[in-house]
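We did not get these values from a lab; they are worked out from the coordinates using the rules stated. Here the structure is a predicted model, which means the values were calculated and not measured.
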Amino acid sequence: MAYVPKTLVIGRCVRCGKKLYRGDEVYYCPHCEVYYCATCAKKVFYKCPICGKELQKR
Ligand SMILES: [Zn+2]
Ligand SMILES: [Zn+2]
């Protein structure tokens, strides 16, 4: 393949604004459709602070 993207940004952590890359430990709330980085997911005890539902690991 000629085109290999170096960075695959899948989104930003809604809490701290950090860019999240494919292959990183990323958590997602399917209800709010927002992402959380591993640090923030831990701080909110793996529950979405917006809706209170459990975060899914990506
Ligand atoms: Zn974060
Ligand atoms: Zn949520």
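Taking a straight Cα-Cα cut-off under 17 Å and skipping sequence neighbours fewer than 8 places away in the same chain, the aspartates and glutamates within cross-link reach of K42 are D24, E25, E54. Once divided by 2.2 N^0.38 Å, the Cα radius of gyration of the chain becomes 1.19.
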